[in-house]
Every structure is written in C-alpha cells, then in structure tokens.
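Worksheet: one structure, shown below.
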Ligand SMILES: *Cc1c(COP(=O)(O)O)cnc(C)c1O
C-alpha cells in the first residue's frame, strides 16, 4: 500500500492509527455487532461514543465547566451566521478583524443580520501579516469581536493573543484547533470545522461560554440556535454520528501522544524544518512575515510561475500531493496539520533541496 504525503488544506490527512482503528471497528464496534454508521443515535452504544468524545475533548483542551461543547453540522461557514444571530442580539453590533477570505466571509455574512465594523484589515499586503489590534479599537457596545485565529489560505496565526479587554472574543479555529494549547477562558466562543485538524468533513465543533447561549434573535431558525443543541447534548436531531466517532479516535490519539502540549512540540519541530529551509533557500521563500507565521499552513513561492508549476508537477510524482497554493495567492502551500508525520516534512524539504539544485 502506497500512502501519499497529503499537504491538502482540508479535508486533510488523518493519523494512520486512527484510520486503522476505524477499519478494525468498521463491521463491529466494541462488540455491538454493528458499524458506528448503523447505530441509532439514540442507542446507549452511540451515547457512550459521543459522551466519551466530549469528555476526551474537555480533558485534552482543558475546557472549563462553564463552557458548553457542541458537535454540529454545516461547516465553519454556518457559524458565520450562527454567531451574529446568537451573540449579536444585545446591541446588534459586532467587530471583525479582516485577515483573509474566511474572515471576510464571516464579516459579510454577519452584516446581513447586525451592524458590523471591520476594525482592521491586512488586505493591503495580500493578508501576509496580522494587523495590530487591541481594545482601544473596539466599537463601543460591540457584542463581540471576531478573529480568525489561523488563516488557512494565507498562513498567518495569532502567535500572541490580542487584548480586547472585556469584549467577548469569538474565534474561528478551523485550521489550528488541537494544534496548540489555548486558554479557553480568553474566548467567548470558539468554532472549528473538523476537516482540517480533527476528523472528517461534516462535523463542526463549537465551544461556547454558557452565558452566551440562549440570547438568540427571536426569528432564529431552531437549528441555528445554540440553545437547541446545547440543551439536547448535540442530539436535537441526528448528529453526524460517524464523524463524531472519528473525532473521538483523534482525541484519543492526541491524549496517548502526551496531550496537546506534546502535539504542539511536534508541530513546532515540523514547521521549523520547513521555515528554516525557506529562510536559507535561494529559490523558495515564505510569503508571511516571520512573527505571524502559522505552524499549520505554510505558503511559499519561487520567483517564477513556471518553476512553481514544475515544482508542483514533480512533487506530485514523488508522492507529495496537494502542494498547489490557493488560487488567490498562487505558488505553493504545505498544510502540515497534526496528522502529518515529521518524516513527511523532512522528505518534502529533501525534495525541495534537490529541486533547487537541479533547477
Ligand atoms: C476551511 C475553513 C472554513 C470553511 O469551513 P467549511 O467547513 O468548509 O465551512 C472557515 N474558516 C477557516 C479558517 C477555514 O480554514
């Protein structure tokens, strides 16, 4: 079996151990005589799976008791409207920091429901840095401020958390969830699509402080109200049962590895291998200012479109797939999420060195 090194931004690699475990349990999970896919979500077998998923997540992320965990559907993109409908109903205004396509989409969607202010943007330099933001920039009365913690397309990441004072911070952590330890209490609400760093597409994780739930606008659809899901243990309707099960296996994998701090150490090591090479190369260079670099998504370019195309073409033949950059940035992007082994990055860098020598 030849498995490739998949540098896709998402859906992306899953840990091999997780896939093998899922394979083993495919026809008979835990002596139930059924695949998890076949289980009623109301069965005690499935209840045990979702309960364990939540318990493991609370443990590895150190989620405080006054935060609710919800496993939802609709992707991170559905959160772009759920957040303003639920959290923006007090003063009907919120602030957004525009650091890329996803932040822009979150902002645009919120603008359909409440008054929004883009308090800062890095669009002037193709989102290659994070604009400095702090509490003095918050609009008086803003119900929350929204930031995209890791910008998947542009490869920026908040390496220091901005200080927004008492304003509730809502953050999109789709592409960095579980990659580093975070102090949950600094956030009002965290959301993340699973398909980058947590599991298969189809699950969206929401972690929300209790007091922010239950204040939705009157006409909020029941499925878009956090109260519906938090009161029903993510089981108001049929949840994405199999996806949540895979997430549980990923949480176990991280726990057995030594938890998120151990995971983070590996991520730092992996990213350093790639950034060190980019900083020393005469052909390749990273596109992001060093202080805002992401550990998860590493965009890079050469000075020639032909060389970029040739590199992507040749890397594919060597078993390094999905290295093409986002269409708005061009060049290349290596997404090196939790499941990418160190060896995958080492081999990629060895290949890049060869490519540089030969071209
Ligand atoms: C991928 C991504 C999204 C979109 O996620 P969907 O699950 O496809 O809706 C939103 N925000 C960020 C930061 C992402 O990386």
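Since every read-out is calculated from the coordinates, none of them should be taken as a lab result. Note that the structure is a prediction, hence the values are computed from the model and not measured. In this analysis, Cβ positions are derived from the backbone assuming ideal geometry, glycine residues included, and neighbour counts consider all displayed protein chains.
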Original post:
Given springs between every Cα pair under 10 Å in a Gaussian network model of the chain, which of 113, 300, 320 has the largest fluctuation?
Top reply: 113
Original post:
Taking only the alpha carbons of the stretch 104-256, what extent do you get along each of the three principal axes, in Å, biggest first?
Top reply: 42, 40, 25
Subject >> Quotient of C-alpha Rg and 2.2 N^0.38 Å, computed over the chain >> reply: 1.01
Original post:
Of the listed peptides 81-91, 222-232, what is their order by residue-averaged count of other C-beta atoms within 10 Å, with the highest listed first?
Top reply: 81-91, 222-232
Subject >> Residue-averaged [θ]222 nm for the chain, counting only DSSP H segments that reach four residues, each worth -39500 (n - 2.57) >> reply: -11000 deg cm²/dmol
Original post:
In whole percent, what relative contact order does the stretch 16-257 give with Cα contacts below 8 Å and a gap of six or more residues?
Top reply: 26
**OP:** Would you look at the GNM of the chain, springs on alpha carbons closer than 10 Å, and say which of 156, 78, 287 moves the most?
**Re:** 78
Original post:
Among 285, 327, 112, which one shows the biggest mean-square fluctuation in a GNM of the chain, springs joining Cα atoms closer than 10 Å?
Top reply: 327
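Quick check: convex hull of the Cα atoms in the stretch 234-300, volume per residue, rounded to a whole Å³?
Values: hull volume 9.2 nm³, N = 67.
Per residue, the Cα convex hull of the stretch 234-300 comes to 138 Å³.
Quick one: grab the alpha carbon gyration tensor of the stretch 259-358, order the square roots of its eigenvalues as a ≥ b ≥ c, and give me rounded if a/c is under 1.5, else prolate or oblate depending on whether a/b is larger than b/c. Don't jump to the answer; show the numbers that get you there.
Working: a/c = 1.70, a/b = 1.48, b/c = 1.15.
Cα axes put the stretch 259-358 in the prolate bin.
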Original post:
From largest to smallest, what semi-axes in whole angstrom does the stretch 187-315 give when each is the square root of 5 times an eigenvalue of its alpha carbon gyration tensor?
Top reply: 39, 18, 16
